[in-house]
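So the structure is just underneath, and the comments pick up after that.
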Amino acid sequence: MEKKIAVILGDGIGPEVTQQSIKVLNAVALRFGHTFEYSYGIMGADAIDKTGNPLPDETIETCLQSDAILFGAIGHPKYDNDPTAKVRPEQGLLKLRKELQLFANIRPISTYQSLQHLSPLKSKQLKGVDFVIFRELTGGIYFGKKELSEDQTYASDLCAYSKSEIERVSHLAFQYARKRKKKLTLVDKANVLETSRLWRKVVQEIASEYSDVTVDYMFVDNAAMQIILNPAQFDVILTENMFGDIISDEASVLSGSLGLLPSASVGNKTALFEPIHGSYPQAAGKDIANPLGSILSAAMLLDHFQLTHEATAVRAAVAWTLANGFVSKDIDAINNYSTTAIGDLITDHIERNKDSDSSSSSNASLNQSTII
Ligand code: IPM
Ligand code: MN
């Protein structure tokens, strides 16, 4: 198979973790006889520094001409602490999501037995935790009308949703639930927000087309609590943009490290794959960041190309490193390996065709594919 992959290294640790994924993808190409051709684009603080624009048109063009996008991370502290900044790195990512109509962000939450001690939850609560958050990504308060009064004493952000925006992501979530435990939870705030009531109405209508899927509804404040109290109850969570942003960071701590979690953003055009962690500027350039969030995002990219065996080989290699203690500093502060070393170990594992080692993984869900 020949595929074009657009790579956006981005900010902070983005470049170093993404380099590991490229090594891994090259190993997959070698072992399974594929050709992946990479073209590079810039975005975020990196792009602002180079061009003054967080998302140059050339980057959008490169993405549109590719079969998938692998993205690192975005953000820089010099903008975070300056609320008056007119140009911000994050605008690049938001614009890219809009331009590519990446309306569904898929964030699988899995746990690993060997890492359970890192989770703030007791292992009893972590048993059977394996769910996926479907976050709407191109609507809601992120993209509604924004206002700041002339005298800068009043501001507003509008949260707006149309029926069709809700429908398209909901269909994807229902189809996904069908391939899993057939349970979907809509997270909203329908007791207060008009947009949430529309979400409920639309999801109730759609639910009748998926009668094999059990649907329940949960207010976001309660969901935030349930994710900690009883996370094993969830299978597919469907929610709007900002609720999804918040609860996915919350849910990520269940796995033991934010650095482990991948995501896929899909829509009508080229799909994008990125770890859910941010740019982690304190670690940038030190070769200490966890590359697994990015490498598991590359596995989702392979799933997207329908290269299921290849994705499984990547997940098996990741499981092997975790089970054997080849972990980064966020996971073990004393005995740890560099970003590059972990990337090399995973690359070697794939090249040497050691799939059988995956049986040593204590986490069955790790090998589950995420067909999008
Ligand atoms: C995410 C990030 C982004 C978001 C930021 C960087 C704009 O937090 O992908 O979750 O809020 O969507
Ligand atoms: Mn976020």
Taking N as its residue count, the alpha carbon Rg of the chain over 2.2 N^0.38 Å: 0.96
Choice from Lys269, Lys23, Lys50 with maximal GNM fluctuation in the chain (Cα, 10 Å cutoff): Lys50
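How many percent of the accessible area of the chain is carbon or sulfur, using a 1.4 Å probe? Don't skip to the end; give the middle numbers.
Numbers: 7990 of 15460 Å².
That fraction is 52 percent.
Under 1.5 on a/c is rounded, so check that first for the range 238-316, then, if it is not, pick prolate when a/b is larger than b/c and oblate when it is not; a ≥ b ≥ c are the square roots of the alpha carbon gyration tensor eigenvalues.
Numbers: a/c = 1.71, a/b = 1.13, b/c = 1.51.
Oblate shape, in that a/c is at least 1.5 and b/c is the bigger or equal ratio.
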Per-residue SASA entry for Thr308, accessible area with 1.4 Å probe, Å² rounded to 10: 50 Å²
Cβ-placed point charges (K, R +1; D, E -1), dipole of the chain about Cα centre in debye, nearest 20: 900 debye
Spin-label model distance (nm) - Asn324 vs Phe219, 7 Å beyond Cα toward Cβ: 5.0 nm
Eligible aspartates and glutamates near Lys182 by straight Cα distance, threshold 16 Å, same-chain separation 8 or greater: Asp130, Glu209, Asp212, Asp216, Asp235
Where only alpha carbons of the range 120-255 are counted, the Rg and the Dmax (Å): 16.0, 55
Where the range 1-115 is the region considered: accessible area per residue in Å², 1.4 Å probe: 40 Å²
With DNA, RNA and ligands ignored, accessible area of Leu322 (1.4 Å probe; Å², nearest 10): 10 Å²
Mean accessible surface per residue for the range 120-255, computed with a 1.4 Å probe while every protein chain stays in place, in Å²: 47 Å²
In the range 111-220, the GluC sites (Glu not before Pro) that fall in loop regions by DSSP, at most 11 other Cβ within 10 Å: Glu150, Glu209
Label point distance in nm, Arg31-Thr153, each placed 7 Å from Cα along Cα→Cβ: 6.4 nm
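Please report the antiparallel percentage of the DSSP beta bridges confined to the chain, to the nearest 5. Can you show the working numbers first?
Working: 17 of 46 bridges.
About 35 percent, rounded to the nearest 5.
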Residue among Ser265, Ser208, Ser123 with the largest mean-square fluctuation in a Gaussian network model of the chain, springs linking Cα atoms under 10 Å: Ser208
Gyration tensor (alpha-carbon) shape descriptor, the range 1-82, a/c threshold 1.5: oblate
Over 25 Å between alpha carbons, listed pairs Lys98/Lys146; Lys98/Lys163; Lys95/Lys286; Lys183/Lys269; Lys3/Lys269; Lys4/Lys269: Lys95/Lys286; Lys183/Lys269
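Quick one: order Trp320, Trp199 from most to least accessible surface, probe 1.4 Å. Don't jump to the answer; show the numbers that get you there.
On the way: Trp320 40, Trp199 5 Å².
Listed by decreasing accessible area, they come as Trp320, Trp199.
Out of the DSSP beta bridges found with both residues in the range 120-255, what percent are antiparallel (nearest 5)?
On the way: 3 of 17 bridges.
If I count the DSSP bridges inside the range 120-255, around 20 percent turn out antiparallel.
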Virtual spin-label span in nm between Ala160 and Ala333, 7 Å along Cα→Cβ: 4.9 nm
Helical mean residue ellipticity (222 nm; -39500 (n - 2.57) per DSSP H run of 4+; nearest 500) of the chain: -12000 deg cm²/dmol
Leading residue at positive end of dipole, the range 1-138 (Cβ point charges), from Pro83, Thr59, Leu137: Leu137
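The values are calculated or read from the model by the stated rules, or taken from the named source; none is laboratory data. Predicted model, so just to flag it, every value in this text is computed and none were measured. Cβ: placed from backbone, ideal geometry, glycine included. Neighbour counts: every protein chain shown. The area values use the complete protein model at the heavy-atom level, side chains included, leaving out ligands, DNA and RNA. Shrake-Rupley method; radii C 1.70, N 1.55, O 1.52, S 1.80 Å.
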